[in-house]
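A.B. asks: This is the structure I have questions about; it appears just below.
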């Protein structure tokens, strides 16, 4: 079922729309994404196919590029002024039917104003838009968009990972010590801070403190940062007032940034954590030396409070 309808104009955003659709299909599955050029068979009445796809979708993405508003037809008339223009029909139909509609702004374009749009489309300007910028921001922007799309698409229908695929385990090693925080299980959202979780709504999944002094620990926010575990990898989001840096670059609060093994996270300037990613054994299999971590370390699951011990792999 095509749950995500992608509306775009080929003369405006063909290349970037193709890249967006590739990302969405990889995340949600090819059958979940409707893109007219690939989804309509030869000989089919495209008007009927599009109408059925819109009525059956759960969310529409309207890709808006530099020429989305201004592109004209062979008579020199703006296409959006033509009642039969397919983009106008798609967007206005979604608005009329109350289908969730997300404008996706590409190539650093600004949201059109109401004065630039004909009456059936003016409600579009009041829909909160998602920017999808060129590299190096494309991956992060698409990750944020997909997190929003999860609210509309059934999660059970787009988890395409093999059940036999190893699930990576995340450890944050306190630099210059043999100890590491082990992220809990296969949790998708992991909170770290100096307040212990007391319920499903507050606190952190593990408590981080400075090993230097309790005074330094007070610089760490109760919920200092969040880590998202996704199909695309691991992402860190700063939630603090006192700041978090990744490999020397200060993070912007609320913005997800991808993290990798050997990255260094500095928390409030008082605690440095090294990212370690382990490949866990498949169910029913055993490893002779435990879960191997890059670079050249092994985690021994010896619990010490919120920590496990980390030793060199000699």
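The values are calculated or read from the model by the stated rules, or taken from the named source; none is laboratory data. Keep in mind that this is a model prediction, so the values were computed, not measured. FYI the Cβ positions are ideal-geometry reconstructions off the backbone, even for glycines, and counts take in every protein chain you see.
A.B. asks: If I filter the range 186-209 down to residues being modelled with pLDDT under 65 and touching a strand residue (DSSP E or B) at 6+ places or on another chain (Cβ under 9 Å), which single residue comes out as nearest to residue 263 (Cα to Cα)?
C.D. replies: So the first thing to find is which residues in the range 186-209 are modelled with pLDDT under 65, and the list is 197-204.
If we keep only those that are touching a strand residue (DSSP E or B) at 6+ places or on another chain (Cβ under 9 Å) too, we end up with 197, 203-204.
On the way: 197: 26, 203: 25, 204: 21 Å.
By that ranking, first place goes to 204.
For every residue, the table says whether it meets (1) in contact with a strand residue (DSSP E or B) (Cβ under 7 Å, 6 or more places away or on another chain); (2) within 17 Å of residue 59 (Cα to Cα); (3) modelled with pLDDT under 90; (4) not in a helix (DSSP H, G or I).
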site: 121; (1), (2), (3), (4): no, yes, no, no
site: 140; (1), (2), (3), (4): yes, no, yes, no
site: 143; (1), (2), (3), (4): yes, yes, yes, no
site: 153; (1), (2), (3), (4): yes, yes, yes, yes
site: 159; (1), (2), (3), (4): no, no, yes, yes
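A.B. asks: Within the range 241-252, track down each residue that is assigned to a loop (DSSP other than H, G, I, E, B) and at pLDDT 90 or above. I'd like the intermediate steps shown before the answer.
C.D. replies: Step one: list which residues in the range 241-252 are assigned to a loop (DSSP other than H, G, I, E, B), which gives 241-243, 247-248, 251-252.
Result: 242, 243, 247, 248, 251, 252.
A.B. asks: In this structure, is residue 50 assigned to a strand (DSSP E or B) and either in contact (Cβ under 8 Å) with a residue 12 or more places away in the chain or surrounded by 20 or more Cβ atoms within 10 Å (Cβ to Cβ) (or both)?
C.D. replies: No, not satisfied.
A.B. asks: Restricting to the range 204-215, count the residues that are buried (at least 16 other Cβ atoms within 10 Å of the Cβ) and under 16 Å from residue 176 (Cβ atoms).
C.D. replies: Residues in the range 204-215 being buried (at least 16 other Cβ atoms within 10 Å of the Cβ) and under 16 Å from residue 176 (Cβ atoms): 3 in total.
A.B. asks: Sort out which residues of the range 66-102 are part of a loop (DSSP other than H, G, I, E, B), loosely packed, with under 15 Cβ neighbours inside 10 Å and without any contact (Cβ under 8 Å) to a residue 24 or more places away in the chain, and write them in order of number.
C.D. replies: Of all residues in the range 66-102, those part of a loop (DSSP other than H, G, I, E, B) come to 66-71, 73-77, 82-85, 98-100.
Retained after the next criterion (residues that are loosely packed, with under 15 Cβ neighbours inside 10 Å): 66, 70, 73-77, 83-84, 98.
Within the range 66-102, 70, 73, 74, 75, 76, 77, 83, 84, 98 meet the criteria.
A.B. asks: Shifting gears a bit: Looking at 81, 90, can you tell me which residue is farther than 20 Å from residue 146 by Cα and in contact with a strand residue (DSSP E or B) (Cβ under 6 Å, 6 or more places away or on another chain)?
C.D. replies: Just one listed residue meets the conditions, 90.
A.B. asks: Only one of these is in contact (Cβ under 8 Å) with a residue 12 or more places away in the chain, within 21 Å of residue 207 (Cβ to Cβ) and buried (at least 20 other Cβ atoms within 10 Å of the Cβ): 270, 275. Name it.
C.D. replies: Just one listed residue meets the conditions, 275.
A.B. asks: Could you say which residue among 20, 63 is part of a helix (DSSP H, G or I), at pLDDT 90 or above and closer than 19 Å to residue 99 by Cβ?
C.D. replies: Sole residue among the options that is part of a helix (DSSP H, G or I), at pLDDT 90 or above and closer than 19 Å to residue 99 by Cβ: 20.
A.B. asks: Identify, by number, the condition in (1) without any contact (Cβ under 8 Å) to a residue 12 or more places away in the chain; (2) touching a strand residue (DSSP E or B) at 6+ places or on another chain (Cβ under 9 Å); (3) more than 21 Å from residue 153 (Cβ to Cβ) that residue 25 doesn't meet.
C.D. replies: (3)
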